[in-house]
Every structure is written in C-alpha cells, then in structure tokens.
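Here's a structure for you.
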Amino acid sequence: MRIAIVGAGFAGLASAKVLRQLGHDVTVHDKAPDVGGVWSRTRRYPGLRTQNNKQTYHFSDHPMPRRFPQWLEGAQVQEYLEEYVERFGLAPFLRLGTGVEQAVPAAGGGWDVTTTGAGAGTEHYDHLVVANGIFCEPAIPDFEGVAELTAAGGRLIATSELAGLEEVRDRHVLMVGYGKSSCDVAVEVSRVAASTTVVARGLLWKVPRRIKGVLNYKYLLLTRLGEGLFPYQRLTGVERALHARGSALPDAMLGSVEKVVTAQLGLPGLGLVPDAPFASIAKASVSLATEGFYEGVAAGTIAVRRDTVVARFLEKDGRPHAELSDGSVVRADVVVCGTGFRQEVPFLPEDVQHRLLDERGNFALYRQILPVDVPDLTFAGYNSSFFSPLSAEMSAVWIASYLAGHHTVPAPETMRAVVRDRVAWMEDRTDGHSARGTNVVPFSMHNIDEVLGEVGLDVGRATKAVQWLLPVRPSSYRKVARRLARRVARQASADSA
C-alpha cells in the first residue's frame, strides 16, 4: 500500500518503521523542520525534560544512548529520534517542513492528501495514519481582557511558545496551570524573572524522582503492580484479588506513599497539600515533581496561588495585571499557559470528523486506533501513556497487522459497543478529563496487552510476571514487529504457492 502518515513524532516514526518492515510505501508529513513532535526544537520550552527515566522511555529495538542522563532534556529526546531515523533508514520517506492542509476521502477508496510548504501538492494514498499527537495544539483559555493586557505591553503565550529565557528576563511572569509544563517553566523562569507567580485552579499530586531520596519512582508507577493498585475497567487474575471486596491493601499502599511524598516535598509547610487523596492521580495527568519547584516556593522565588483562576486581565498604572478569582491583583507582563492541549484533526473534512467522535466530542476509536465508520484510516499515538514510545510502537504493529489481514476485528456493532463502554468508563474515572477519550493513564500496560493480544503477538507470562515487581523494559517487546513481518511473509508465500 501507499500510506501517508501525518506527524513525525514518536508515533509517526514508529508507524513508518513498522509499516516499512511489512513492505508498504510510506510518506511521513510534518510541518516542523525536524522530527520530534513535542520534542521538536520549534516547540521545546525551557526546562523540558522527560518524566520517565531513559530505561523506560524508548522504542523496543532502539535503547537510549548510554551517554544520556537518567532523565533526558528535550534536545536529547529529539537527538534520539534523529538517530532512530538514521538507524532504520527513514530519512528518504520524511517530508519535513510540509504541513497537511487537508485529507479528503477519494471516490474509489483511499485519500487525496493536499500539503503545503516544501512538498506542496496533492497526492493519492491508499491509507492514512493520523499521528499528529494528542499534544498537538495548545489550549489557551478564553480570558477576559486580553486586549487590555496586550495594549498595556503584556503578552499571552503557551509554554511551547516560550523560546528562551531572555523573553522573560526582569519581567513579571504569571504561569497558568499546575501541570508538568507549568512547573517546569516556572523553575527556569524564576531564575531570571522579576517575579514568578503560578495560578493553580487545583493542586495535583507530584511524585519525586526518588522516594525518600532513594527509591526510584519507576518502582512505584512503572510496574504492573503500580498500575494494578488502581481498579481497571474489568478485573481479572491478580488484580481481581487485589481489589476484592473489603481489601484495604491498595488504599493502604497508596496512603503510605501519600504520607512519604507529603513529608518529602514539605507540602504542609508550603500550604500545597492537594485536597484530593493520592489515589486521585488516576483521575488526572500524573507528573513528577519538577526539580527545584518546591525549593523555589520555599525560598520565595516562586509564588503559588492555589484554588484560584484568572478572572480577567486589566491595565493598572500603565502596566499589565491579572485579577484573580479571589479578588487579588498581580503583575502579568508575560502570561504563560500550561493549560493542556486540544486533540484535533483539522485537516479532515467536517463530516469525517463527525464520524470520528461520539456525542460528547470524544474520539471513538477501537483499541484507540481504528475509527469504526471511516475506511482506510487509523490513528497512532492516541493513547496517552506512561510508556508513550512503546505504546505508539505497539499501535503501529496493530495497524500493520490489520492492513495485512493478519488479524480480524469484531463486527462493527460490537466495536461500537466496546468503544462506547470504554469511553464512558474513561470519562467517569477521570471526572471528564479523559483528553477527549485518549487518556489511558495509568493503565498503559493494559492498553498494550489488549493491542498485542488481539494481534496474537503478546509477550509471555514470564515476562509479565517480572513486570509486576520491576519496571517495564521496552526491550522485552523488541521481537514483536519482526515476528509479525515473518508471519505475514509466510502467509503470503503460502497464498502464492
């Protein structure tokens, strides 16, 4: 097949590599001048680092270089992806600096894809893989008074639009949001800004890289046991026993971690103990504690205004300010929003987008990959995960298997029911913060198990048993794509005999 892939981040590159292994002719389009997606030099904010250590954040068959530190900076992740492209010979199939303006279903099947930039034109493809990422377009709230802010000399941007610290030197910076990007940027900005204020609508639990300064957090959250502490959609095996009626073990374990984290980060003294219990991390995006953030709050270089939002922007004494919902007013020369992203596919026609979504606007994708009612289209990387590279790669394996006819999917009505039940469960467990149906955290391994189980290429019980107590190693899955390629080749040989 001739396949177009939109996006050259982890999901797009994994899809290109796996589909090439199966003999497909692939073309990867990305409007950025380099590979990387959120790690592209055009989007990296100051202080951007991985949440995972390097042993758990890589493709199955391409480990992180030994020269890299445990937690990687954004530039190092992008360098890693460039090395991946070189190792697997993907460069000839990349069209960087080429944005997809529209992709329209063709009358005889497939897609007519129109691009802008370096590779402008319209070409026909048999299949389309959307890998533009669920962190594609920053979501900036519709604040009141933005005109007054800019008229007074202020600036409103997303974290990914902050190119360097000189833009905020000696200025009063207002960070909106309490997620990873906001806290990352706040630490870097506080080194040069006149003031740094974080406005947090609600406080999230942050996990130190090392619990009590000793135990790497990967042993807490990056194992099957850590994942199993939270009840999945359907409980089986060990998890059924773990969450049996009356079992207090999961809550006790999470409660112990909460006490340690609270004391280690000094949250009571800083007034930053979240209202929700530690177990609520399953309802939101889990993030590591940014190195230096709580130290900055203690030192007074970072101020956190908790349980409040920006009510409006205004000019006061000729300077830009923000009025908060508690009635206070703070300087706001530069307002930086770490307020999430929009999950969008603007290059698809409106009628196609309508068929991709349920009535509440969630992506209705079987296995987070396949739209039931749109032919010749799949999604890669629409499963926000603790193991994003591995999850993206295994999604690519599912796509390759599906296109090869190596596995079959249920009847459309069955798939719709599966998707409907899953999205409803996701919305319920996240209190509506399911990132439009794409957030699988903290159930990353469950998602991978389901994808590979359907393909018939899951890893063995012994491997999974080890993963219950030790962090998941992506290298344990390095043979999966090769096994698929061999099976498809044998079947093709048998069919032609």
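The values are calculated or read from the model by the stated rules, or taken from the named source; none is laboratory data. Not measured: the values here are computed from a predicted model. Note that we place each Cβ from the backbone using ideal geometry, even for glycine, and neighbour counts take in every protein chain shown. The accessibility values were calculated without ligands, DNA or RNA, using every heavy atom of the protein model including side chains. Shrake-Rupley method; radii C 1.70, N 1.55, O 1.52, S 1.80 Å.
Using a simple charge model, +1 on the beta-carbon of Lys and Arg, -1 on the beta-carbon of Asp and Glu, nothing else, what dipole does the stretch 280-348 show about its Cα centre, in debye to the nearest 20?
Dipole of the stretch 280-348, to the nearest 20 debye: 140 debye.
Can you pull out the trypsin sites (Lys or Arg not before Pro) in the stretch 436-497 whose DSSP state is coil and whose Cβ has at most 15 other Cβ atoms within 10 Å?
Arg478, Lys479
Let me ask you something else. State the extension gain, in nm to one decimal, for the chain segment bounded by Ser256 and Arg2, taking 0.36 nm per residue of separation less the distance between their alpha-carbons.
Full-extension gain reported as 86.1 nm.
Counting heavy atoms of the protein chains only and a 1.4 Å probe, report the per residue accessible area for the stretch 376-495 as a whole number of Å².
Each residue of the stretch 376-495 exposes 40 Å² on average to a 1.4 Å probe.
Is the shape of the stretch 363-497 best called rounded, prolate or oblate, per the rule: a/c under 1.5 gives rounded, else a/b larger than b/c gives prolate, else oblate, with a ≥ b ≥ c the square roots of the Cα gyration tensor eigenvalues?
Here the stretch 363-497 falls in the oblate category.
Over all directions, what mean area does the Cα convex hull of the chain project, stated in square nanometres?
For the chain, averaging the hull's shadow over all directions gives 24.9 nm².
While we're here: May I ask you to list the trypsin sites (Lys or Arg not before Pro) in the stretch 202-306 that are in a DSSP loop and have at most 14 other Cβ atoms within 10 Å of their Cβ?
Loop-located and lightly packed - Lys212, Arg234, Arg245.
Another question, then. So how far apart, in nm, are the two label points at Asp126 and Ala244 if each is 7 Å from Cα heading toward Cβ?
5.2 nm
Still on this structure, please answer the following. Which length gain, in nm to one decimal place, applies between Arg312 and Asp373 when the Cα-Cα distance is subtracted from 0.36 nm times their residue separation?
Extra length available between Arg312 and Asp373 comes to 17.7 nm.
While we're on this one: Calculate the spin-label point distance for Arg169 paired with Val146, positioning each point 7 Å from the Cα along the beta-carbon direction, and give it in nanometres.
Here the modelled spin labels are 2.9 nm apart.
Between Thr414 and Glu83, what is the spin-label point distance in nm, taking each point 7 Å from the Cα along the Cα→C-beta axis?
So the two model labels end up 4.4 nm from each other.
Same structure again: Which residues does the label zone of Gln353 cover in the stretch 88-112, counting backbone N under 17 Å from a point 7 Å along Cα→Cβ?
100-105
Counting only protein heavy atoms, what percent of the accessible surface of the stretch 249-290 is carbon or sulfur at a 1.4 Å probe?
Exposed carbon and sulfur together represent 64 percent of the surface.
Using only helices, what value at 222 nm comes out for the chain when you add -39,500 (n - 2.57) per DSSP H run of length 4 or more and divide by the total residues, to the nearest 500 deg cm²/dmol?
About -9500 deg cm²/dmol.
How much of the pair distance distribution for the stretch 1-70 lies past 21 Å, counting alpha-carbon pairs only, in percent?
Every Cα pair in the stretch 1-70 considered, those over 21 Å come to 37 percent.
Assuming 0.36 nm per residue, please report the length gained on full extension of the stretch Gln264 to Ser493 beyond their Cα-Cα distance.
Between Gln264 and Ser493, full extension yields 76.4 nm more.
How many percent of the accessible area of the stretch 457-497 is carbon or sulfur, using a 1.4 Å probe?
53 percent
Roughly what % antiparallel, to the nearest 5, for the DSSP beta bridges in the chain?
45 percent
Which order do peptides 47-60, 389-402 fall in by mean Cβ count within 10 Å, highest first?
Order by mean packing, descending: 389-402, 47-60.
Quick one: how many lysine pairs does the chain have with C-alpha atoms less than 15 Å apart and a gap of 8 or more or different chains? Give me the count, please.
7
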